[in-house]
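In what follows, a structure is listed as structure tokens, so that the remarks can point back to it.
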Amino acid sequence: MTEPTPPLLAGHCHCGAVAFTLPDQSAGVLACHCEDCRRRHGNFSAFLATPIGEVTLQGD
Ligand SMILES: [Zn+2]
């Protein structure tokens, strides 16, 4: 019997030129309400935080 493949999180930039995948369990969500983030994004910001070695990038 083979081990089940862990689920992946996947996404891409707005134009689709760069895509990423990372193991679902590796990501934590950070939310920031600082003034800089609110000014840049128009509201608070939410980010995925994961070790860079677990991210696979595709594209230019
Ligand atoms: Zn911030």
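The values are calculated or read from the model by the stated rules, or taken from the named source; none is laboratory data. This is a predicted model, so every value here is computed, not measured. Note that each Cβ is placed from the backbone with ideal geometry, even for glycine, and that neighbours are counted across all protein chains shown. Only protein heavy atoms, including side chains, enter the accessible area calculation; ligands, DNA and RNA are left aside. Shrake-Rupley method; radii C 1.70, N 1.55, O 1.52, S 1.80 Å.
Remarks
- Gained length - residue 25 relative to residue 2, 0.36 nm times residue gap less alpha-carbon distance: 6.3 nm
- Mean accessible surface per residue for the chain, computed with a 1.4 Å probe while every protein chain stays in place, in Å²: 84
- Fully extended contour minus Cα-Cα distance, from residue 37 to residue 14, at 0.36 nm per residue: 6.4 nm
- The apolar share of the surface of segment 8-59, taken as the fraction of accessible area on carbon and sulfur atoms (1.4 Å probe, ligands and nucleic acids excluded), comes to 58 percent.
- Among 18, 45, 56 - extreme Cα towards positive end, dipole of the chain, charges at beta-carbon: 45
- Computed over segment 8-59, the ratio Rg/Rh where both radii use C-alpha atoms and Rh is Kirkwood: 1.04
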